[in-house]
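Presented below is the structure to which this report refers.
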Amino acid sequence: GENVEQHPSTLSVQEGDSAVIKCTYSDSASNYFPWYKQELGKRPQLIIDIRSNVGEKKDQRIAVTLNKTAKHFSLHITETQPEDSAVYFCATIAGTYKYIFGTGTRLKVLA
Amino acid sequence: SAVISQKPSRDICQRGTSLTIQCQVDSQVTMMFWYRQQPGQSLTLIATANQGSEATYESGFVIDKFPISRPNLTFSTLTVSNMSPEDSSIYLCSVVYNYGYTFGSGTRLTVV
């Protein structure tokens, strides 16, 4: 079945630096790649997504890149701030609307 | 996006008992999903609930343990039956809205 690997599991960066989280998937039919942010004690929230017909999407300080040939996609956060500290999950769709989530990355932004 | 009301937000239950979690959506949706998130872990799909049909369970989850109801297009319940400490987790419902998932606020369950 579909599998999503996410790296790193933890990431610490200095405030103002960039953070990059990478996910690799196995199903070549995957065509939608969202990223979720989960703050402590809260529900996961969609922060950005990309469809398979584009290679990059940007929204202010966050961007997602997709390499369909290599089957990986990445989340890029620039100019990190303390409020970016959270757990980030990537996901892909396996079958109709059934998401497969990555294992998560705990990002700590050090002030 | 869709707004989901999930309750209870948390509960502490005795082993051997059952807990029913409710999710109410402010718009009609075809599919609702139930996820489990164990402490410090990712989200694992328990089942997909469609209105008017039996829920579809993922490997490792069975209807006797996690019965689901979906009486209409805005409401669903998940019951955690005959609970053991291993069932302590966060349970989340979710719906597809404009392709993306929206999650309920979660139910933090502790079994003692």
Taking every pair of alpha-carbon atoms in the protein assembly as shown, give the share separated by more than 33 Å as a whole percent.
17 percent
Contour minus end-to-end for A:Glu39 and A:Asn3, with contour as 0.36 nm per residue of separation and end-to-end as the Cα-Cα distance?
10.5 nm
List residues of region A:59-92, by number, whose backbone nitrogen lies under 19 Å from a label position 7 Å along Cα→C-beta of A:Glu15.
A:61-62, A:77-87
Most fluctuating of B:Ile46, B:Ile21, B:Ile63 in the GNM of chain B (C-alpha, under 10 Å) is B:Ile63
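Compute the FRET efficiency between B:Asp11 and A:Thr69 as 1/(1 + (r/R0)^6), taking r as their Cβ-Cβ distance and R0 = 41 Å, and round to the nearest 0.05.
Result of the calculation: an efficiency of 0.30.
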Log10 I(q)/I(0) at q = 0.18, 0.23, 0.25, 0.27 Å⁻¹ for region A:30-82, from Debye over equal alpha-carbon scatterers, is -0.62, -0.90, -1.00, -1.08
Considering Cα pairs under 8 angstrom that are at least six residues apart, work out the relative contact order of chain B and quote it in whole percent.
38 percent
If I model a spin label as a point 7 Å beyond the Cα along the Cα-Cβ vector, how far apart are those points for B:Tyr97 and B:Gln51 in nm?
1.6 nm
Order B:Val3, B:Val25 by their accessible area, 1.4 angstrom probe, all chains in place, largest first.
B:Val3, B:Val25
At a probe radius of 1.4 Å, what is the per-residue accessible area of B:Tyr97, in Å² to the nearest 10?
80 Å²
What is the set of long-range amide H partners of B:Cys13 at a cut-off below 5 Å, with H atoms built 1.01 Å from backbone N?
B:Thr110, B:Val111, B:Val112
Counting only backbone N atoms under 18 Å from a point 7 Å out along Cα-to-Cβ of B:Ser18, the residues of region B:78-92 in range are B:78-85, B:87-88
List the residues of region B:62-78 whose backbone N lies under 14 Å from a point placed 7 Å from the Cα of B:Thr44 along the Cα-to-Cβ direction.
B:62, B:66
Considering only Cα-Cα distances, which of the following residue pairs are longer than 23 Å: A:Lys37/B:Lys65; A:Lys68/A:Lys98; A:Lys71/A:Lys108; B:Lys7/B:Lys65; A:Lys68/A:Lys108?
A:Lys37/B:Lys65; A:Lys71/A:Lys108; A:Lys68/A:Lys108
In the calculated pair distance distribution of region B:1-109, what percentage of Cα-Cα distances lie above 23 Å?
20 percent
With a Förster radius of 35 Å, plug the Cβ-Cβ distance of B:Val62 and A:Lys108 into 1/(1 + (r/R0)^6) and report the FRET value to the nearest 0.05.
0.35
Measuring from the lowest to the highest alpha carbon on each principal axis, how far does chain A reach, largest first, in angstroms?
41, 28, 20
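The values are calculated or read from the model by the stated rules, or taken from the named source; none is laboratory data. Keep in mind that this is a model prediction, so the values were computed, not measured. Backbone-built Cβ (ideal geometry, glycine too); neighbour counts: all protein chains shown. To get the accessible areas, we keep the full protein, side chains included, count just its heavy atoms, and leave off ligands, DNA and RNA. Shrake-Rupley method; radii C 1.70, N 1.55, O 1.52, S 1.80 Å.
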